Amino acid sequence: MRYGESVDAGRATIPAYYRERAWSRLARFYDLLVRLSLLPLGGERKFRERFMSFAGLIEGQRVLDVCCGTGGLTSLLANRAGDDGVLIGVDLSPGMIETARRKTGSPVVGFEIANSESLPFSRNEFDTAFVSLGLHEMPEAARCNTLKEIHRILKAGGNLFVLDYSLPSGAFARLVMRAFVAVFEDEHAYRMLTNGSLATEIQEAGLAIQKQESVHGGMFQMIGARKVAGGTQDG
Ligand SMILES: C[S@@+](CC[C@H](N)C(=O)[O-])C[C@H]1O[C@@H](n2cnc3c(N)ncnc32)[C@H](O)[C@@H]1O
C-alpha cells in the first residue's frame, strides 16, 4: 500500500476561532520551539516516543494524525507503520502542511489541509488516529465535533490516542501548570485544562476509554480509546 501524492482536500472551511495567519507564520519556527520547550522534559524524541509506545503497534495499519502540525509525530509514526502501512497527517494550516511535506519523504506518508471538524475521509476508513497537542487549541464545541469525526472515520475496533495537557495533582505543580497555560495558550486551552473535561468528551463522542497515563508529573496526559463495535454511535 502506498499513500502516493497527497492532494489538498479542496477548500477546508476555516472556523472563526482558528488563527490561520498566526499558525502559518509560526510554521517556520514551530519545530525549533517544540524542540527547545521539550528539552527540560528530556527532549522531543523521548517525549514523542513515549506517546508512540503508549499507542503500541501500528504496523500495516491505516493511520490518521489529526492536527499534525509540521508532522513531527507523523514522520516518526511512519517508521513504525512499515511498507504496508499508510499514514495521513491533516492540519488546517497551509504553512504547517507545507513544512510537513518538505521534511517528510516517506512514500507511505501524505499530508492534507483539512479542518478536523469535517475530515475529508469516508466512515470506517482508519485503524488508528492520533491527536498530539491539538485538542486544547479548540473551543469545546469544535473539540467535540473533532472527536465525533474521528469516531466516524475509525473502523469498529479502531483506536484513538490523545496526548494533551493535564493538571498535576500537587498544589504547587497545579499552580505552575495553570500559569503556564494561561500565559502561553489561549482561553480554550485554559478552560479544557481546568475543567479536566477531555476524557469525558472522548467518551461522549462514542469512544470507550481503554487506558490513561500521566506524563511528566501529570503536566500531560495520554488517553487511549476505542471505537467499540455495536455502540449506539457506530458509523
Ligand atoms: C500545538 S500544534 C500540534 C502539532 C503536532 N500535532 C505536534 O504534536 O507537534 C496544534 C495544531 O493544531 C492545528 N489545528 C487547530 N485547530 C484545527 C482544526 N480545527 N483542524 C485542523 N487542525 C487544527 C493547528 O493548525 C496546529 O498545527
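Values in this text are rule-based calculations from the coordinates and carry no lab data. Note that this is a predicted model, so its numbers are computed, not measured. When we count neighbours, we look across all protein chains shown, and the Cβ atoms used for this are built from the backbone with ideal geometry, even at glycine.
Is it possible to state the helix-based mean residue ellipticity at 222 nm for the chain, with each DSSP H run of 4+ residues giving -39500 (n - 2.57), the sum divided by total residues, to the nearest 500 deg cm²/dmol? What is it?
Calculated at 222 nm, the ellipticity per residue is -12500 deg cm²/dmol.
Computed on alpha carbon atoms, what radius of gyration and Dmax characterise the stretch 19-61, expressed in Å?
Final numbers for Rg and Dmax: 13.9, 36 Å.
What number, in percent, do you get for the relative contact order of the chain if the mean sequence gap of Cα pairs under 8 Å and at least 6 apart is divided by its residue count?
Across the chain, relative contact order equals 19 percent.
Extent of the stretch 135-232 along each principal axis, from alpha carbon coordinates, in Å, largest to smallest?
Computed over the Cα atoms, the extents are 44, 24, 15 Å.
If you place +1 on the Cβ of every Lys and Arg, -1 on the Cβ of every Asp and Glu, and leave all else neutral, what size is the dipole of the chain about its Cα centre, to the nearest 20 Debye?
Dipole of the chain, to the nearest 20 debye: 360 debye.
Hey, with R₀ at 45 Å, roughly what FRET efficiency would GLU187 and LYS211 work out to, going by the Cβ-Cβ distance, to 0.05?
Using R0 = 45 Å, I get an efficiency of 0.95.
Classify the stretch 18-154 as rounded, prolate or oblate, taking a ≥ b ≥ c as the square roots of the eigenvalues of its Cα gyration tensor: rounded when a/c is under 1.5, otherwise prolate if a/b is larger than b/c and oblate if not.
Cα axes put the stretch 18-154 in the rounded bin.
Restricting to lysine pairs 8 or more places apart or on different chains, what number in the chain have Cα atoms under 26 Å apart?
Lysine pairs meeting both conditions in the chain amount to 7.
Per the Kirkwood formula on distinct C-alpha pairs, the Rh of the chain is how many angstrom?
17.8
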